1. Name every residue in segment 138-190 that is without any contact (Cβ under 8 Å) to a residue 12 or more places away in the chain and in contact with a strand residue (DSSP E or B) (Cβ under 6 Å, 6 or more places away or on another chain), in order of residue number.
2. Identify, please: which residue in segment 270-290 is β-branched (Val, Ile, Thr) and surrounded by fewer than 16 Cβ atoms within 10 Å (Cβ to Cβ) and is, among those, modelled with the highest pLDDT?
3. So which residues in segment 53-68 are modelled with pLDDT of 90 or more and open to solvent by 20 Å² or more (accessible area, probe 1.4 Å)?
4. Just to verify a result, which residue in segment 295-330, among those that are among the β-branched types (Val, Ile, Thr) and surrounded by fewer than 17 Cβ atoms within 10 Å (Cβ to Cβ), is modelled with the lowest pLDDT?
5. Of (1) surrounded by 13 or more Cβ atoms within 10 Å (Cβ to Cβ); (2) under 29 Å from ASP265 (Cα atoms), GLY189 satisfies all except one. Which?
6. Out of (1) open to solvent by 100 Å² or more (accessible area, probe 1.4 Å); (2) under 19 Å from ASN38 (Cβ atoms), what's the single condition that is false for ILE97?
7. Taking the criterion of being closer than 25 Å to PRO127 by Cα, of a type outside the set (Asp, Glu) and over 23 Å from the mean Cα position of the chain (by Cα), would at least one residue in segment 163-180 satisfy it?
8. Read through the list (1) within 30 Å of LEU39 (Cβ to Cβ); (2) assigned to a strand (DSSP E or B); (3) open to solvent by 70 Å² or more (accessible area, probe 1.4 Å), then give the number of the only condition that ASP103 fails.
Amino acid sequence: MSKIKKSIAIIAIVIMCICTFPITSKAASFSLSVTKQNLEVGNTATLTLVADSCGGRFKLESSDTSIVSIDGGLTPWVEKETYSTTIRAKKAGKATITLTATDVSTSGGNPTPLEGTKNITITVKDPAPSNNGGGNSGSGDNSLKSITVAGKKYPNPSTDFTINVDSGVTSVDVSAEASSGSAKISGTGKKELSTGTNTVTITVTAENGAKKTYSVRIRRLADTTNQTPNKIDNQNNNQEPEEPDSQEEPQEPELLRLTYLLIEDVELTPEFSSEVFEYTANVINKEELEIVKVVNKEDAIVEITGDKDLIDGENILTIKLSKDRRRSRI
């Protein structure tokens, strides 16, 4: 029995504005996706073909197999399911992966031919040079499996994200786990926090010396319970309060953003970024999604729709961020 596939579009919205991107449903279609479009020499990525309400013979080819090669059969037969294979980065340069419907038709009682092509460009770079003077031998994996801040674990972290802590938190413990057992981690430990944004830099060094830096911004909120009033001249209570020496420029309100997003057992395309508001993903055998998210404002309201009762086919998941008006000053 074939597995159930579900595809969702995830949209993060800021400040009460829902920017929906309607998805036009097609009777039959096919698509091509890859887990990573930027690779280092020697790395691999997974290429996935999805046939929706259609089936037949497809053709996969690389514009330059000396740069990027494709494992497995290059003319797979796919019918209302997915087909995955591995691509390998062989040398620096760019290569285009092309998927062509060579003998494909729609499903149902009255099948019709389906034609077209899909293209993905892969960029390959040479590995970062080793800093240990011993060449580039060994693993080049310098990614983190997780980052833990004040006891809260963030799996598959992005290289730059922000979390908020209360004003009473003066220090936190920061730890991290590398994806590779041979990689080395520096920059973790107990961190003292001042009011405002504190940046913790974690450096991961792969076995071959390649380094990657993760920036964790920990924003300690200001304590607004004890505000100092303007001074009054005790000799003359009728005097106006003293004017401050300088007035601060009014600051622009900070837009609501997701600083971290993880859907359990689901890989987003493209990789999560606070500046990206639309993603796609393939979901297999799930009726409900488990979502971990972090917002850059403590008083933000997060509303999620479409994460339950997933159906076979296309689903839309909407994440709406809005400001808590009850906690806003007028």
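1. LYS153 - this is the single residue of segment 138-190 that is without any contact (Cβ under 8 Å) to a residue 12 or more places away in the chain and in contact with a strand residue (DSSP E or B) (Cβ under 6 Å, 6 or more places away or on another chain).
2. Ranking the candidates gives THR280 first.
3. ARG57, LYS59, GLU61, SER62, SER63, ASP64, THR65, SER66
4. Taking the candidates together, the pick is ILE330.
5. Only one criterion is unmet by GLY189, namely (1).
6. (1) is the only condition that ILE97 fails.
7. no
8. Going through the list (1) within 30 Å of LEU39 (Cβ to Cβ); (2) assigned to a strand (DSSP E or B); (3) open to solvent by 70 Å² or more (accessible area, probe 1.4 Å), ASP103 breaks only (1).
The values are calculated or read from the model by the stated rules, or taken from the named source; none is laboratory data. As the structure is a prediction and not an experimental result, all values here were calculated from the model. In this analysis, Cβ positions are derived from the backbone assuming ideal geometry, glycine residues included, and neighbour counts consider all displayed protein chains. To get the accessible areas, we keep the full protein, side chains included, count just its heavy atoms, and leave off ligands, DNA and RNA. Shrake-Rupley method; radii C 1.70, N 1.55, O 1.52, S 1.80 Å.
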